[in-house]
Amino acid sequence: MAELPATPERRPTRSAPASKPLVAIKVRTAPTEDDELLTSATNQLLAVFHGMPRQVPPAPARDITLGQLRLLFLLRREGSLPMGRIAEVFDLTPAASTGFVARVERHGLVERRHRSDDRRVVETALTDTGRHFLDELSGIRIDTIRRAISALQRSDLAEFDRLLGIIRDHQERRA
């Protein structure tokens, strides 16, 4: 086939460079037996979680954003934090972090106080009410999971516990 000459109406076009994929995806030609078992186990576990009864969380939970909930769990894990560190973790300006913490403080879940060795530094700490609130949230989740796995016989429960230990150990090694 003959090529047409380039004219102002028909200039050669440059194709855009191919973009690199963000994630490498392995493609297999046919699923293996392990893939089918893994998919089945995953789907069954999801069905168990979706079948769990929904419980109403404690009152403040209905007014707290996911970011504010993350703040509470962060303070429980790491203890008191200076406002600057909270701003850094949540990628906020100092002024925005003050408002962010103040909204949680209004619920009585955290308190801000000046550090005794340097009064210029304001730290945020979880209050007893905040700890109790997080315990209630965790308690709801734990009770629900306990009810779901109570359907297992003792020997099956022991095997399930052993298998979960293998998964947890594997995750810890990868982290």
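The values are calculated or read from the model by the stated rules, or taken from the named source; none is laboratory data. Values in this document were obtained by computation on a predicted structure and should not be read as measured data. All Cβ positions, even for glycine, are placed from backbone atoms using ideal geometry, and neighbour counts span all protein chains on display.
Filter the stretch 85-120 down to the residues that are surrounded by 14 or more Cβ atoms within 10 Å (Cβ to Cβ) and hydrophobic (A, V, I, L, M, F, W, C) and list them by number. Those that are surrounded by 14 or more Cβ atoms within 10 Å (Cβ to Cβ) and hydrophobic (A, V, I, L, M, F, W, C): Ile86, Ala87, Val89, Phe90, Leu92, Phe100, Val101, Val104, Leu109, Val110. How many residues does the stretch 117-168 contain that are under 23 Å from Leu81 (Cα atoms), assigned to a helix (DSSP H, G or I) and either free of Cβ contacts under 8 Å to residues at least 60 places away in the same chain or in contact with a Ser or Thr (Cβ under 7 Å, 6 or more places away or on another chain) (or both)? Number of matching residues: 7. Considering (1) at pLDDT 90 or above; (2) over 20 Å from the mean Cα position of the chain (by Cα), the lone condition that Gly130 does not fulfil carries the number (2). For the stretch 70-116, filtering for residues that are of a type in the set (A, V, I, L, M), in contact (Cβ under 8 Å) with a residue 24 or more places away in the chain and in a loop (DSSP other than H, G, I, E, B) leaves 1. Filtering the stretch 146-167 to residues that are among the β-branched types (Val, Ile, Thr) and closer than 17 Å to Leu46 by Cα leaves Ile149, Ile167. How many of the residues making up the stretch 121-144 are among the hydrophobic types (A, V, I, L, M, F, W, C) and loosely packed, with under 13 Cβ neighbours inside 10 Å? Adding up the residues that qualify gives 1. None of Arg77, Arg106 is among the charged types (D, E, K, R), closer than 15 Å to Ile64 by Cα and modelled with pLDDT under 95 except Arg106.
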